[in-house]
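The values are calculated or read from the model by the stated rules, or taken from the named source; none is laboratory data. All of these numbers come straight from a predicted model, not from anything done at the bench. For neighbour counting, all protein chains shown are included, and Cβ atoms are generated from backbone atoms with ideal geometry for every residue, glycine included. Just the protein is used for accessible areas: all its heavy atoms, side chains included, with ligands, DNA and RNA removed. Shrake-Rupley method; radii C 1.70, N 1.55, O 1.52, S 1.80 Å.
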Amino acid sequence: MNEGFVKTPEIQALLDRVAGVGVPDGNARAKAIIRDLVEHLMVLVARYEISEDEVWQAVNFLQKGAGEFGLIMPGIGLEHFIDLYLDARDAETGKSGGTPRTIEGPLYVAGAPLVDTGANLTQDPDDTTTLYMTGRIFGPDGEAVKDAIVHIWHANSKGFYSHFDPTGEQTPFNNRRRLRAAEDGTYSFHSKMPKGYSVPPNGATDQLMQLLGRHGNRPAHVHFFIEAPGYRRLTTQINFGDDPFAKDDFAFGTREGLLPVPNRQGDSAHVAFDFHLQRADSGDDERFSARERLSVAA
Ligand code: FE
């Protein structure tokens with residue numbers, strides 16, 4: 001079927017009615033976006049001669065896979081695209097510089113214990129290497145950032161996160177803390193070394209990856225939010241540069257400048273990593289994105 005079919009007066013009139021064009025109520029921007037979105041879907045149906053069966057297969061996939069949208073978003077590169085898009089917009093407004101942002105992923109939990117720098121993040125037994133991470137948080141003029149809070153979360157040595165562990169073995173907030181950096185901007189913590197992980201076997205993300213001939217693995221990594229008064233909130237993560245998936249992350253979360261190689265000696269591994277924040281132009285720059293996150297009382 002020719003894609004021109006979508007441009008016929010009958011289909012265009014249908015799209016206008018779908019999007020409430022000419023109806024006074026509703027939101028004009030939403031109307032324009034929904035009209036475009038539905039038209040693009042119609043073009044795909046015509047271009048690929050998608051069958052009725054395939055349409056409903058896709059709907060079933062989205063309905064059943066809704067619980068994994070937080071993984072599908074990075075898996076299809078959309079979460080990384082948002083980072084690249086925000087970078088490009090920043091460049092247009094002269095806001096470049098600092099530690100690169102990268103994807104948050106779906107596994108942050110609000111409400112982690114607030115602790116002082118130097119803390120141990122791992123309260124559950126985990127027979128693996130101990131990770132020691134140290135560094136300093138700088139502002140754009142090389143000044144030490146004061147009153148910074150570093151939110152840290154990572155998986156255990158089996159690749160599972162507390163609060164999302166299918167084995168049920170971890171206690172709340174294991175490998176999750178909000179760390180108060182020192183007044184001179186330095187921070188340090190230790191914890192049990194995380195392992196990379198894969199998407200849940202046979203889940204929606206896994207099915208999608210198989211369809212594309214891809215894998216669903218991430219290298220071992222540590223997530224961070226950094227907030228400090230007067231500075232722009234940073235969402236980032238380090239992925240270990242010596243992990244087999246360091247250059248082949250299914251979630252596209254690995255970025256140049258965020259791939260430190262741990263100094264591994266015996267049963268310890270040390271990562272030295274400094275963070276560089278941008279100055280906040282407004283209170284809006286300091287706040288977290290509006291994403292819905294699990295919140296648990298500590
Ligand atoms: Fe993660």
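Could you pull out every residue, at least 5 positions away or on a different chain, whose amide H is within less than 5 Å of the one on Tyr197? Hs are placed 1.01 Å off N in the peptide plane, and Pro or chain starts have none.
Under 5 Å from the amide H of Tyr197 lie the amide H atoms of Arg218, each far enough along the sequence or on another chain.
Quick one: of Lys7/Lys31; Lys158/Lys247; Lys95/Lys195, which pairs are farther than 23 Å apart, Cα to Cα?
Lys95/Lys195
Identify the trypsin sites (Lys or Arg not before Pro) of region 203-298 meeting these criteria: DSSP loop state and at most 16 other C-beta atoms within 10 Å of the C-beta.
Numbers: sites: Arg214, Arg232, Arg233, Lys247, Arg255, Arg264, Arg279, Arg287, Arg291, Arg293; in loops: Arg214, Arg232, Arg233, Lys247, Arg255, Arg287, Arg291, Arg293.
Answer by residue number: Arg214, Lys247, Arg287, Arg291, Arg293.
Of Asp165, Asp242, which has the most accessible area with a 1.4 Å probe, and how do the rest follow in descending order?
Highest to lowest solvent-accessible surface, that is Asp242, Asp165.
Can you give the % of DSSP beta bridges in the chain that are antiparallel, to the nearest 5? Intermediate results must be reported in sequence, preceding the final value.
On the way: 30 of 43 bridges.
Of those bridges, close to 70 percent are antiparallel.
Can you find, among Gly266, Leu208, Gly230, the residue sitting farthest towards the positive end of the charge dipole of region 191-298, where Lys and Arg contribute +1 and Asp and Glu -1 at Cβ?
Leu208
Post the alpha-carbon centroid distance, region 245-298 to region 189-203, in whole angstrom.
15 Å
Take every DSSP beta bridge whose two residues both sit in region 115-259, then give the antiparallel share in percent to the nearest 5.
90 percent
Using a 1.4 angstrom probe on the protein heavy atoms only, could you order Glu54, Glu256, Glu292, Glu104 from most to least accessible area? Could the numbers behind the result be given before it?
Numbers: Glu54 90, Glu256 160, Glu292 180, Glu104 15 Å².
Result, largest first: Glu292, Glu256, Glu54, Glu104.
If you place +1 on the Cβ of every Lys and Arg and -1 on the Cβ of every Asp and Glu, how big does the dipole about the Cα centre of the chain come out, in debye to the nearest 20?
The calculated dipole for the chain is roughly 300 debye.
On C-alpha positions alone, give me the angle between the axis of helix 78-92 and the longest principal axis of the chain, in degrees, nearest 10.
That works out to roughly 80 degrees.
Rounded to the nearest whole Å³, what is the per residue volume of the convex hull around the Cα atoms of the chain?
Taking the convex hull of the Cα positions in the chain, it is 172 Å³ per residue.
Please state, as a whole number in µm²/s, the translational diffusion coefficient that the Stokes-Einstein equation yields for region 143-298 at 37 °C and 0.692 mPa s, with Rh defined as the Kirkwood radius across alpha carbon pairs.
Answer, rounded: 190 µm²/s.
Tally the DSSP beta bridges in region 90-185 and give the antiparallel ones as a percent, rounded to 5.
Looking only at bridges with both residues in region 90-185, the antiparallel portion is about 65 percent.
Enter the Cα centre distance for the pair region 98-133 and region 30-61, rounded to the nearest angstrom.
41 Å
Rank Thr117, Gly97, Pro24 by how far each Cα sits towards the positive end of the charge dipole of region 1-123 (+1 on Lys, Arg Cβ; -1 on Asp, Glu Cβ) and give me just the farthest.
Result: Pro24.
Loop-only check: which chymotrypsin sites (Phe, Trp or Tyr not before Pro) in region 1-88 are DSSP coil with at most 12 other Cβ within 10 angstrom?
Listed in order of number, the matching sites are Tyr48.
Could you look at region 28-143 and say what percent of its accessible area is carbon and sulfur, using a 1.4 Å probe and all protein chains?
60 percent
What whole-number value in Å² describes the accessible area per residue of the chain for a 1.4 Å probe?
54 Å²
Given Cβ point charges of +1 (Lys, Arg) and -1 (Asp, Glu) and nothing else, what value in debye, to the nearest 20, does the dipole of region 145-287 about its Cα centre take? It would help to have the intermediate numbers written out before the result.
Working: 17 positive and 18 negative charges, 44 e Å.
Result for region 145-287 is approximately 220 debye, rounded to the nearest 20.
If R0 is 41 Å, what FRET efficiency do you get for Ala32 and Gln210 from their C-beta distance, rounded to 0.05?
The pair Ala32/Gln210 has a calculated efficiency of 0.70.
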